[in-house]
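See structure below.
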Amino acid sequence: MAGVYVHIPFCKQKCTYCDFHFSTSFENYRQKMIDAMVSEIESQVDYLVGKEVNTIYFGGGTPSLLTRIELYRIMDSISKNFTIPHDAEISLEANPDDIDAQTLEDWKSVGVNRLSVGLQSFKQEDLDWMNRAHSRDEALVCIDLIQSAGIENITVDLMYGLPNLSIDEWKSHVQTVIGFNIPHISAYCLTIEDKTALETMVRRGKVVPANEDQQSEQFELLVELLLENGFEHYEISNFGKKGFESKHNSNYWKGEWYLGIGPSAHSFNGISRSWNIANNKQYIKAIEKGQEFSELEVLTKEDRFNECVLTGLRTSSGLSLERLQSITDVPSEFHTNCEDFMAKKWMQSREGVLTLTREGRLRADYIASALFVLK
Ligand code: SF4
């Protein structure tokens, strides 16, 4: 079991909060980018050593900007170079302004069977300061278009902790997505990343971010509403109806292997992690000239232990002590810290598996970092 992630480094415009790798001026080299990605897929045919690729994920950037032919070329190359079972999960991130009857048919025709839609907010004022390319109206109609095209496996992204987003407005956003009758929702708290336009806006006092209490209140409400409506809270930011959990992301959290294609994409094969150059033109040039286009880090036992702690504690299936022990000896301070977290009711233990309580999930990063082993 393994995954392929394809990073499409193009966007129509730059969202103020975003620090992902992408370019907004790509028309004069988009063909070369697809050629380079196809070459990279062919050159990495041995990376997953014969494992079945049960998930393919087009992320970005904005994969919904690709034409049918461009998508087909990438999918065709993956299919020719890897073993893809007939029930593979094939996801594509789509922005509401790119969704129409024709694009939906195009995506289906190349095998896409799951759409991840970046809605973020239903408040036009938010979409404006975020510099999103879509409008509130497009966010409201796109899910109906997708369902009418016969795609049921849909997830949407929503953001909380936005400046000036009241608890009532947040409640209505969550209720709106519940009303779409979709099987999966991801919700992320707005974070202010370095060197983004949002960071400058905050520094200059143009927007005031939500405080921690407001963020926690919105997260708590989100969990409550989604649990009441039949979603399982299976990872801190992810909620799914039974059978609709993201297979691709679940593979990451379980430590399965994946191959990343495209500029800035990461790959992992159990013993090392590598990452491609995060520059479109340099990526294309390196591939055309047969030069190195990625860096590689061999993971130490401590790296693997810490990653297992971080990902395991984020999921409802939890952190297996047996899996940790198979990586390296679990130090005594780890157990002492766990007892402390259990006394605070942030963590629970059952049959050798540690999970976070609802209270603990609000502090997941702090708890995980306290349990890390030092290199
Ligand atoms: S569309 Fe997505 S990747 Fe592109 S700038 Fe906006 S948030 Fe970033």
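Matching residues to (1) within 30 Å of S109 (Cβ to Cβ); (2) out of contact with any Gly (no Cβ under 8 Å at 6 or more places or on another chain); (3) within 16 Å of the ligand (Cβ to nearest atom):
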site	(1), (2), (3)
A139	yes, yes, yes
D144	yes, yes, no
A149	yes, yes, no
Y160	no, yes, yes
P163	no, yes, no
Q175	no, yes, no
A187	no, yes, yes
D194	no, yes, yes
L198	no, yes, yes
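Total residues in the range 161-182 satisfying the condition of being crowded, with 19+ Cβ neighbours inside 10 Å and in contact with a Phe, Trp or Tyr (Cβ under 7 Å, 6 or more places away or on another chain): the figure is 2.
No other residue among D144, D157 is closer than 28 Å to I90 by Cβ, within 19 Å of the chain's Cα centre (by Cα) and surrounded by fewer than 19 Cβ atoms within 10 Å (Cβ to Cβ) apart from D157. Within the range 271-288, residues that are not assigned by TED's automatic domain parsing to the domain that holds Q44 sit with their Cβ atoms under 7 Å from residues that are among the charged types (D, E, K, R), at 6+ positions apart or across chains, in these pairs: S272/E297; R273/E297; S274/E295; W275/E295; I284/K32; A286/E292; I287/E40.
For the range 74-90, a residue qualifies if it is under 29 Å from D100 (Cβ atoms) and either of a type outside the set (D, E, K, R) or not in a helix (DSSP H, G or I) (or both), and the qualifying residues are I74, M75, S77, I78, S79, I84, H86, D87, A88, E89, I90. Condition check for L71 on (1) in a loop (DSSP other than H, G, I, E, B); (2) on the phi < 0 side of the Ramachandran plot: one failure, at (1). Scanning the range 12-60 for residues that are within 16 Å of the ligand (Cβ to nearest atom), in contact (Cβ under 8 Å) with a residue 60 or more places away in the chain and either part of a loop (DSSP other than H, G, I, E, B) or not assigned by TED's automatic domain parsing to the domain that holds V117 (or both) turns up K12, Q13, K14, C15, T16, Y17, C18, D19, F20, H21, F26. None of L92, L104, L66 is within 16 Å of the ligand (Cβ to nearest atom), within 16 Å of V156 (Cβ to Cβ) and surrounded by 16 or more Cβ atoms within 10 Å (Cβ to Cβ) except L92.
The values are calculated or read from the model by the stated rules, or taken from the named source; none is laboratory data. Only a predicted model underlies this, so the values are computations on that prediction, with no experimental measurement involved. Using ideal geometry, Cβ is built from the backbone for each residue, glycine included, and neighbour counts are taken over all protein chains shown.
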